[in-house]
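Peer 1: Please see the structure below; I have some questions.
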Amino acid sequence: MSHATWAIVPAAGIGKRMQSDIPKQYLSLNGRPVLEYTVNTLLQNKNIAGLVIALQQDDIYWQDIRIDSKKPVLQAVGGRERVDSVLNALAELDHCQQFDAARDWVMVHDAVRCCLRQDDIDRLVSGVADDGNGGLLALPVRDTMKRQAPGSSPSTVAATVDRENLWHALTPQYFPAIALRNALEDAHKNGQSVTDESSAMELAGFSPILVQGHEDNIKITRPDDLRLAGLYLEAQRLQYQEQ
């Protein structure tokens with residue numbers, strides 16, 4: 001691999017669906033904040049040179065996060081949308097002497113996907129290698145998919161969607177920094193809606209590689225997800241001890 005890789009974690013969200021007084025990335029999980037697992041998992045990976053965290057301007061919780069690494073950890077101001085936070089993080093990287101904007105890649109990961117496995121990061125890096133299309137962790141859809149009839153109440157089925165070739169997009173998502181910046185800026189300028197980094201790259205004409213990850217790489221969105229993440233992390237800890 002001829003480039004360095006920097007992790008970007010957009011962590012400016014509030015998470016209203018968690019019905020919590022504090023942002024969901026700071027909720028306690030097995031005795032530690034959710035974000036602490038996320039950040040340290042990324043920093044512990046041999047492929048990652050450092051990390052940029054995008055935070056709300058008035059964030060009062062980040063200062064209490066314990067970082068178990070000596071790699072660079074930079075801070076950027078989070079934006080109104082995810083795309084704004086990632087662009088601000090890329091701009092912050094430009095001020096880091098160790099970052100080579102023309103060569104280096106970035107790996108964007110959700111703040112609340114705290115169960116990410118080291119071997120999934122390794123699989124993503126090796127699966128994409130130096131392919132300029134980049135790639136992302138994903139899972140093939142297994143369930144039968146239904147499309148709701150627009151405006152129906154109660155919700156009714158309009159159609160069954162063919163699940164063949166459908167994948168659930170996960171994170172990390174992994175791209176050349178300069179290509180991702182250009183794709184996000186173009187989408188922003190053109191008023192195109194992008195829900196993840198891959199969708200911006202797709203709009204720019206790229207075909208990101210789908211790399212299958214583990215099913216325990218869940219996104220904590222609702223209270224039940226927090227309990228499930230706790231079980232997954234404990235199972236991973238016991239598995240690691242047995243190896």
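The values are calculated or read from the model by the stated rules, or taken from the named source; none is laboratory data. These figures come from a predicted structure and were not determined experimentally. Positions of Cβ are generated from backbone atoms using ideal geometry, with glycine treated the same way; all protein chains shown enter the neighbour counts. For accessibility, only protein heavy atoms count, side chains too; no ligands or nucleic acids. Shrake-Rupley method; radii C 1.70, N 1.55, O 1.52, S 1.80 Å.
Peer 1: Of the numbered conditions (1) more than 21 Å from Ile220 (Cβ to Cβ); (2) in contact with a helix residue (DSSP H, G or I) (Cβ under 7 Å, 6 or more places away or on another chain); (3) surrounded by fewer than 17 Cβ atoms within 10 Å (Cβ to Cβ), Asp58 satisfies every one except a single condition; which is it?
Peer 2: Among (1) more than 21 Å from Ile220 (Cβ to Cβ); (2) in contact with a helix residue (DSSP H, G or I) (Cβ under 7 Å, 6 or more places away or on another chain); (3) surrounded by fewer than 17 Cβ atoms within 10 Å (Cβ to Cβ), the lone unmet condition for Asp58 is (2).
Peer 1: Under the condition of being hydrophobic (A, V, I, L, M, F, W, C) and assigned to a loop (DSSP other than H, G, I, E, B), which residue from the stretch 17-55 is least open to solvent (accessible area, probe 1.4 Å)? Lay out the reasoning, then the answer.
Peer 2: Kept after step one, since they are hydrophobic (A, V, I, L, M, F, W, C), are these residues of the stretch 17-55: 18, 22, 27, 29, 34-35, 39, 42-43, 48-49, 51-55.
Among the residues that remain, those that are also assigned to a loop (DSSP other than H, G, I, E, B) are: 22, 27.
Working: Ile22: 51, Leu27: 24 Å².
Selected residue: Leu27.
Peer 1: Could you please let me know if Leu90 is crowded, with 22+ Cβ neighbours inside 10 Å and closer than 30 Å to Gln57 by Cα? Walk me through how you get there before you give the answer.
Peer 2: Working: crowded, with 22+ Cβ neighbours inside 10 Å: yes; closer than 30 Å to Gln57 by Cα: yes.
Considered against the rule, which asks whether it is crowded, with 22+ Cβ neighbours inside 10 Å and closer than 30 Å to Gln57 by Cα, Leu90 comes out as yes.
Peer 1: Out of Trp105, Trp167, report the one residue that is surrounded by 13 or more Cβ atoms within 10 Å (Cβ to Cβ), among the aromatic types (Phe, Trp, Tyr) and within 30 Å of Arg227 (Cβ to Cβ). Give the steps one after another, and end with the answer.
Peer 2: Values: Trp105 fails: within 30 Å of Arg227 (Cβ to Cβ).
Only one candidate passes the filter, namely Trp167.
Peer 1: Taking only pairs six or more apart or across chains, which ones have beta-carbon atoms under 6 Å, a first residue in the stretch 20-32 that is at pLDDT 95 or above, and a second residue that is assigned to a strand (DSSP E or B) and open to solvent by less than 50 Å² (accessible area, probe 1.4 Å)?
Peer 2: Short answer, once both residue conditions are applied: Gln25/Ala11; Tyr26/Pro33.
Peer 1: Being open to solvent by less than 40 Å² (accessible area, probe 1.4 Å), of a type in the set (D, E, K, R) and in contact with a helix residue (DSSP H, G or I) (Cβ under 6 Å, 6 or more places away or on another chain) is the requirement here; does Asp196 meet it? Please lay out each step first, then the result.
Peer 2: Details: open to solvent by less than 40 Å² (accessible area, probe 1.4 Å): yes; of a type in the set (D, E, K, R): yes; in contact with a helix residue (DSSP H, G or I) (Cβ under 6 Å, 6 or more places away or on another chain): no.
So Asp196 does not fit the description; no.
Peer 1: Okay, moving on. Show the residue pairs meeting these rules: Cβ distance below 6 Å; 6+ apart or different chains; first residue within the stretch 43-62 and farther than 14 Å from Ile14 by Cα; second residue in a loop (DSSP other than H, G, I, E, B) and open to solvent by 40 Å² or more (accessible area, probe 1.4 Å).
Peer 2: Listed by first residue and then by second, the contacts come to Leu43/Lys71; Gly50/Lys71.
Peer 1: What pairs come out if I take residues in the stretch 223-237 that are within 13 Å of Ser28 (Cα to Cα) and at pLDDT 95 or above and pair them with residues that are of a type in the set (D, E, K, R) and open to solvent by 70 Å² or more (accessible area, probe 1.4 Å) whose C-beta lies under 9 Å away, six or more apart or interchain?
Peer 2: Asp225/Lys219
Peer 1: Pairs please, first residue from the stretch 76-97 and outside any helix (DSSP H, G or I), second anywhere and open to solvent by less than 20 Å² (accessible area, probe 1.4 Å) and aromatic (Phe, Trp, Tyr), Cβ atoms under 9 Å, 6+ apart in sequence or on different chains.
Peer 2: Partner pairs satisfying both residue conditions: Cys96/Trp6.
Peer 1: Contact list please: Cβ distance under 6 Å, first residue in the stretch 189-213 and modelled with pLDDT of 95 or more, second residue open to solvent by 50 Å² or more (accessible area, probe 1.4 Å), pairs at least six apart or on different chains.
Peer 2: Listed pairs, sorted by first residue: Asp196/Ala169; Leu203/Gln192; Leu210/Trp167; Val211/Arg123.
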